[in-house]
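Okay, structure first, notes after.
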């Protein structure tokens with residue numbers, strides 16, 4: 001097998017991370033998820049302002065790219081899991097330029113209202129790492145439990161359309177409609193990926 005860079009992309013709560021974990025196991029290749037790195041940074045570094053939280057997000061994305069470059073440079077394949085957007089494209093282009101590989105984007109989409117409702121539900125889930133939902137301080141200090149502002153459906157649409165998340169694609173594109181999770185066949189999507197791999 002040649003070097004393949006597989007990007008699981010799409011809106012938050014669209015199901016990409018669950019699929020990435022499945023695909024990594026089935027294909028026998030590592031998955032690097034930006035949110036996993038962010039959670040390590042939340043727990044080891046923490047943040048005391050929204051600006052510091054944003055800096056950790058950038059550091060997590062850079063760390064994801066660095067780890068991917070090490071795998072690709074050895075001829076390995078890797079899955080990167082992230083809410084990719086336009087600002088990620090220059091770093092991806094550098095990654096691909098430095099480590100020639102076959103690139104596949106698996107973009108998860110569907111009815112935005114349905115995905116938005118899942119997004120709200122996920123942030124209310126007590127199992128969700130609090131670093132994602134607290135806005136100003138983690139670990140929380142006394143009186144610093146301000147949560148991220150709940151966005152409206154229109155704000156959700158506008159934010160991710162403006163960032164380029166809805167149309168993101170690099171390399172070969174495979175689209176997956178996750179409006180109804182029960183209707184998604186992981187094996188069928190995986191078969192498309194296998195056909196696109198080198």
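Every read-out reported here was derived from the displayed coordinates using simple, explicitly stated rules and does not represent laboratory data. Since this is a predicted model, take the numbers as computed values, not measurements. Virtual Cβ from ideal backbone geometry, glycine too; neighbours counted across all protein chains shown.
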When a/c is below 1.5 the answer is rounded, else prolate if a/b is larger than b/c, else oblate, so apply that to the stretch 77-198 with a ≥ b ≥ c taken from the square roots of the Cα gyration tensor eigenvalues. prolate
Counting only backbone N atoms under 13 Å from a point 7 Å out along Cα-to-Cβ of residue 40, the residues of the stretch 62-79 in range are 62-68
Segments 169-176, 158-165 sorted - mean Cβ within 10 Å per residue, highest first: 169-176, 158-165
Applying a 10 Å radius around every beta-carbon, put 10-18, 118-126 in order of their mean neighbour count, most first. 10-18, 118-126
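Determine, for each peptide in 57-68, 95-106, the mean count of other beta carbons within 10 angstrom over its residues, then list the peptides with the highest first.
On the way: 57-68: 16.8, 95-106: 18.3.
Taking the mean over residues of other Cβ atoms within 10 Å, the ranking is 95-106, 57-68.
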Please tell me the relative contact order of the stretch 4-196 in percent, rounded to the nearest whole number, where contacts are Cα pairs under 8 Å and at least six residues apart. 34 percent
DSSP beta bridges in the chain, what fraction antiparallel, as a percent rounded to 5? 10 percent
Using the beta-carbon distance between residue 122 and residue 59 and R0 = 25 Å, what value does 1/(1 + (r/R0)^6) give for FRET efficiency, to the nearest 0.05? 0.65
Cα centroid of the stretch 6-46 to Cα centroid of the stretch 92-127, whole Å: 9 Å
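Return the FRET efficiency for the residue pair residue 113, residue 52: r is the Cβ-Cβ distance, R0 is 35 Å, and the value is rounded to the nearest 0.05. Please report the intermediate quantities before stating the final value.
Details: r = 33 Å, r/R0 = 0.94.
That pair, residue 113 with residue 52, gives E of 0.60.
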Helix-only mean residue ellipticity at 222 nm for the chain, each DSSP H run of n ≥ 4 adding -39500 (n - 2.57), per residue, nearest 500: -15000 deg cm²/dmol
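Compute for the stretch 33-82: radius of gyration divided by Kirkwood radius, i.e. Rg/Rh, restricted to C-alpha atoms, rounded to two decimals. If you can, show how the numbers build up before the last one.
Details: Rg = 12.2 Å, Rh = 11.5 Å.
Result for the stretch 33-82 is an Rg/Rh of 1.07.
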Going by a ≥ b ≥ c, the root eigenvalues of the Cα gyration tensor, does the stretch 1-121 fall in the rounded group (a/c under 1.5), the prolate group (a/b larger than b/c) or the oblate group? oblate
